[in-house]
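The values are calculated or read from the model by the stated rules, or taken from the named source; none is laboratory data. Every value quoted in this text rests on a predicted model; they were computed, and no experiment measured them. We place every Cβ from the backbone using ideal geometry, glycine too, and count neighbours over all the protein chains shown. SASA here: full protein model, heavy atoms, side chains in, ligands and nucleic acids out. Shrake-Rupley method; radii C 1.70, N 1.55, O 1.52, S 1.80 Å.
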Amino acid sequence: QKLRNHGDQMDAKVDWKASGKDNLSVRFTFGNFGQTTVNPLPTSFASAPTYPVRGTAINEVHTINSFMVNEFRAGYTRIQNNGAVLLDPTGVFGLNGDKILGIGANNPVSQAFAGFTALGFNNSSSPQGFTASNGTEYSKIGNENLGTNYTLNTFLYGDNFTWLKNRHTFKFGVQFLRQQQNNFYPGNDGSLGGFWYLGAGTSNGSALNANGNRSNGYTAADFLLNRAGFASKGGVAGPVGMRSWRDAYFVQDD
């Protein structure tokens, strides 16, 4: 298995003296981060989460006269966690993996994520999975997809006003924060779910194996006979959105 982390980030800032009374500053932030995993078995459909970041800010200071100054600012930030992304290195299954395997074949809607539902062989007390020629054993193919997605947008607007009056320095300020959050949660068992083969379908009842232990069957044989011990799928929630406004004010006298 190979794990690769990657990231690119850039910040740019421009300051402009627009006039004798106006100074403008603009900043932009850009970032792309992510992770990819290469598994020996291509039908493991490893996750490839990405974490993009975008942001911009504007600040404008206006001198009204020698006693009054106003500062306006606005900004936008977008943070994402795309953890539910799956890679299909085979190029065969894509968003139709379950249809190709005959899982939910009557469902006309394509999958939201690449690959196909997990097929797992999970009984530690009996032979598990499929063994390759190099001796590697695979206890699961497919992927139930436990990844979560969320996007957070933040909009900020603010203004500060300063006024010099005799022996006083008055300051007034206001700020408004708008937040938008969109979430996708796959539940405890994943958005694609899985079929789990425990060996019970090929168990020989009370018979003992060569080691004198009770025979619990063969999980891979259960798979070939289509005798899953149980199937599971997460209680998928989303994408759902939450919206909120937060505001603040202040008055100061020095």
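Protein-only accessible surface at a 1.4 angstrom probe places the residues 227, 54, 246 in the order 246, 227, 54, largest first. Listed values for region 218-229 are Karplus-derived 3J(HN,Hα) couplings in whole Hz (6.51 cos²θ - 1.76 cosθ + 1.60, θ = phi - 60°), namely 10, 4, 5, 5, 4, 4, 5, 8, 6, 10, 6, x, and x replaces Gly and Pro.
The lysine pair tally for the chain, using Cα distances under 29 Å and a gap of 8 or more places or different chains, is 11. Relative to the Cα centre, the charge distribution of region 1-103, modelled as +1 at Lys and Arg Cβ and -1 at Asp and Glu Cβ, gives a dipole magnitude of about 60 debye. Taking all protein chains as shown and a probe of 1.4 angstrom, residue 251 keeps an accessible surface of around 110 Å². The heavy atoms of residue 162 offer some 40 square angstrom of accessible surface to a 1.4 angstrom probe. Per-atom-type breakdown for the chain gives carbon and sulfur 55% of the accessible area (1.4 Å probe, protein chains only).
Relative contact order for the chain: what is it in percent, counting Cα pairs under 8 Å that are at least 6 residues apart? Once normalised by length, the contact order is 16 percent. The accessible area of residue 33, taken with all protein chains in place and a 1.4 Å probe, comes to roughly 70 Å².
Distances between placed amide hydrogens fall under 5 Å for residue 122 paired with 197, all partners being 5 or more residues away or on another chain. Rolling a 1.4 Å probe over the heavy atoms of the protein chains gives region 1-54 an accessible area of 66 Å² per residue.
Between the beta carbons of residue 22 and residue 176, assuming R0 = 25 Å, the FRET efficiency works out to 0.65 to the nearest 0.05. Classify region 41-99: rounded, prolate or oblate, from the alpha-carbon gyration tensor (a ≥ b ≥ c, eigenvalue square roots; a/c under 1.5 rounded; otherwise prolate if a/b is larger than b/c)? Prolate, because a/c is 1.5 or more and a/b exceeds b/c. Projecting the Cα atoms of 40, 20, 111 onto the charge dipole of region 13-128, computed from C-beta unit charges around the Cα centre, puts 20 farthest toward the positive end. Residue by residue, region 173-179 carries 3J(HN,Hα) couplings of x, 9, 8, 10, 10, 10, 10 Hz when phi is fed to the Karplus relation 6.51 cos²θ - 1.76 cosθ + 1.60 (θ = phi - 60°); x denotes Gly or Pro. Each of (i) 13.5; (ii) 14.7; (iii) 21.6 is a candidate for mean projected area of the Cα convex hull in nm²; the one calculated from this structure is (iii).
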